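Visitor: Before anything else, here's the structure in question.
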Amino acid sequence: MTELTIGELSERSGIATSAIRYYEVRGLVTSRRTPGNQRRYERPMLRRLSFIRTAQGVGLSLEEIEQALAGLPSGRTPTKADWTRLSRGWRTRLDERIARLERLRDTLDSCIGCGCLSLRRCTLSNPGDVLAPRGPGAVILDGR
């Protein structure tokens with residue numbers, strides 16, 4: 001199996017070398033060192049990087065990705081079956097995220113329609129503001 005340098009891995013994956021090094025520090029990818037202390041990556045690391053990028057693309061944190069990869073035997077590269085199994089576990093979280101985005105879209109539509117953009121009343125600019133009934137400004141800091 002031909003190994004890749006960090007530059008080749010970066011070029012093939014589209015992921016910056018600094019990110020690859022960071023992923024390595026976090027244990028998401030592995031390399032071996034040459035006698036000259038250069039990193040060499042096995043080709044399956046391309047699939048791992050693809051997995052990481054795809055998981056991030058659907059909104060997963062690096063911590064969640066780390067947990068998913070840690071559950072694979074011997075740190076092997078995720079397969080299609082692995083992705084299917086893992087994605088089932090993420091489905092509820094993704095459905096909740098989709099629902100939040102739909103609510104945001106619907107709120108944004110009505111906000112644009114009214115044009116207020118009031119920081120006192122707008123649930124888009126100031127969501128969940130429990131202090132709004134106490135008045136505008138820094139109500140806690142100024143003693144109101």
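The values are calculated or read from the model by the stated rules, or taken from the named source; none is laboratory data. A quick note: this is a predicted structure, and the numbers were derived from the prediction, not measured. No Cβ is skipped: glycine too gets one built from the backbone with ideal geometry, and neighbour counts run over all protein chains shown.
Visitor: How many residues does region 1-22 contain that are modelled with pLDDT of 90 or more, in a loop (DSSP other than H, G, I, E, B) and farther than 24 Å from residue 86 by Cβ? Before you say what the answer is, go through the steps one by one.
Guide: Kept after step one, since they are modelled with pLDDT of 90 or more, are these residues of region 1-22: 3-22.
Within this subset, residues satisfying the condition of being in a loop (DSSP other than H, G, I, E, B) are 5, 14-16.
The next check asks that each one be farther than 24 Å from residue 86 by Cβ; those that pass are 5, 16.
Total meeting the criteria: 2.
Visitor: Let me ask another. Can you tell me which residue in region 23-59 is modelled with the highest pLDDT, limited to those that are part of a helix (DSSP H, G or I), surrounded by 11 or more Cβ atoms within 10 Å (Cβ to Cβ) and small (Gly, Ala, Ser)?
Guide: We begin by selecting, within region 23-59, every residue part of a helix (DSSP H, G or I); these are 23-25, 44-57.
Those still in the list that are surrounded by 11 or more Cβ atoms within 10 Å (Cβ to Cβ) too: 23-24, 44-56.
Checking which are small (Gly, Ala, Ser) leaves us with 50, 55.
Working: 50: 90, 55: 87.
Taking the candidates together, the pick is 50.
Visitor: So which pairs qualify, if the first residue must be in region 41-53 and within 11 Å of residue 9 (Cβ to Cβ), the second must be assigned to a helix (DSSP H, G or I), the Cβ gap must be under 6 Å, and the two must be at least 6 apart or on different chains?
Guide: Taking only residues 6 or more apart or on different chains, the pairs are 41/9; 46/12; 46/13; 49/13.
Visitor: Next up: Quick test for you: out of 5, 34, 30, pick the one residue that is touching a residue at least 12 places away in the same chain (Cβ under 8 Å), out of contact with any helix residue (DSSP H, G or I) (no Cβ under 7 Å at 6 or more places or on another chain), assigned by TED's automatic domain parsing to the domain that holds residue 66 and not aliphatic (A, V, I, L, M).
Guide: Among 5, 34, 30, only 5 is touching a residue at least 12 places away in the same chain (Cβ under 8 Å), out of contact with any helix residue (DSSP H, G or I) (no Cβ under 7 Å at 6 or more places or on another chain), assigned by TED's automatic domain parsing to the domain that holds residue 66 and not aliphatic (A, V, I, L, M).
Visitor: Give all pairs with beta carbons closer than 8 Å in which a residue from region 78-103 that is of a type in the set (Asp, Glu) meets a residue that is surrounded by 12 or more Cβ atoms within 10 Å (Cβ to Cβ); count only pairs at least 6 apart in sequence or on separate chains.
Guide: 82/72
The rows are residues; the columns are (1) surrounded by 10 or more Cβ atoms within 10 Å (Cβ to Cβ); (2) of a type in the set (S, T, N, Q); (3) modelled with pLDDT under 85.
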{"site": "71", "(1), (2), (3)": "yes, no, yes"}
{"site": "83", "(1), (2), (3)": "yes, no, yes"}
{"site": "88", "(1), (2), (3)": "no, no, no"}
{"site": "93", "(1), (2), (3)": "yes, no, yes"}
{"site": "103", "(1), (2), (3)": "yes, no, yes"}
{"site": "106", "(1), (2), (3)": "yes, no, yes"}
{"site": "110", "(1), (2), (3)": "yes, yes, yes"}
